[in-house]
Amino acid sequence: MEPFTHVDLQSLEWKQPNVGGRLYELHSAGGVVARLHWRSKPGALTTAEAAGSGWVFKREGYVSSPQVYILSGSIEEGAEAQETGHYRTERGSSGVLHLAGGRDFRWTRSGRWRSGGTFSAANGEPLLHLRWKPSPFKAGAKVEVLDSTPTKLAATDLLLLVIVGWYLMRLKADDDAIAAGAAAAAIAATSV
């Protein structure tokens, strides 16, 4: 994988390599930068990897107010994992990402049908946007890192925001699909 410190930040894009797969790749002009892989039911256990780094996302709670714990390390048997941060939903699909060391970032849903999102600093200054990239069979998003952001954040924090942002977008899409399926089942059950 390409080291994040060597990446053209304006060329970042999330792609799904296989139709229906639960693996997503962050691409730059130079190749793959990171991967996000769903290991179990919607977001309950998800891993992310980048050159020299790895994280595990563990989701607790569902649809209305999930909390996500972010651990550095891997899911290998006996591997040491340390909490890097956690995300807590507030007011619908927005929330706060608390990283170790006391850094907070606000996630806000944005775009048409609230399908994208923006991470902002604690003071409200936008840092990056993720915009859904429509495709008939594969999920993807364009990442827009604002010009002043790289000078305000360590590269590892910026990379983690890009990964967590995509994770939250996919989590919301999965939750919406589950809710739509439940609604359709309820309607079908009452029309019999």
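Of note:
- Failed condition for Gly102, given (1) at pLDDT 80 or above; (2) at negative phi; (3) not polar (S, T, N, Q): (2)
- Within region 142-169, considering residues that are charged (D, E, K, R) and at pLDDT 85 or above, the one nearest to Ala121 (Cα to Cα): Lys152
- Of the residues making up region 5-30, those that are closer than 15 Å to Leu160 by Cα and part of a helix (DSSP H, G or I) number 2.
- Listed by position, the strands (runs of 3 or more DSSP E) contained in region 105-166 that have at least 2 residues being within 16 Å of Tyr87 (Cβ to Cβ) and not polar (S, T, N, Q) are 116-121, 126-132.
- Considered as a group, the residues in region 141-157 that are hydrophobic (A, V, I, L, M, F, W, C) and in contact with a strand residue (DSSP E or B) (Cβ under 8 Å, 6 or more places away or on another chain) include one that is surrounded by the most Cβ atoms within 10 Å (Cβ to Cβ), and that residue is Ala141.
The values are calculated or read from the model by the stated rules, or taken from the named source; none is laboratory data. Source: prediction; values computed, not measured. Glycine gets a Cβ as well: all are built from the backbone with ideal geometry, and neighbour counts include every protein chain shown.
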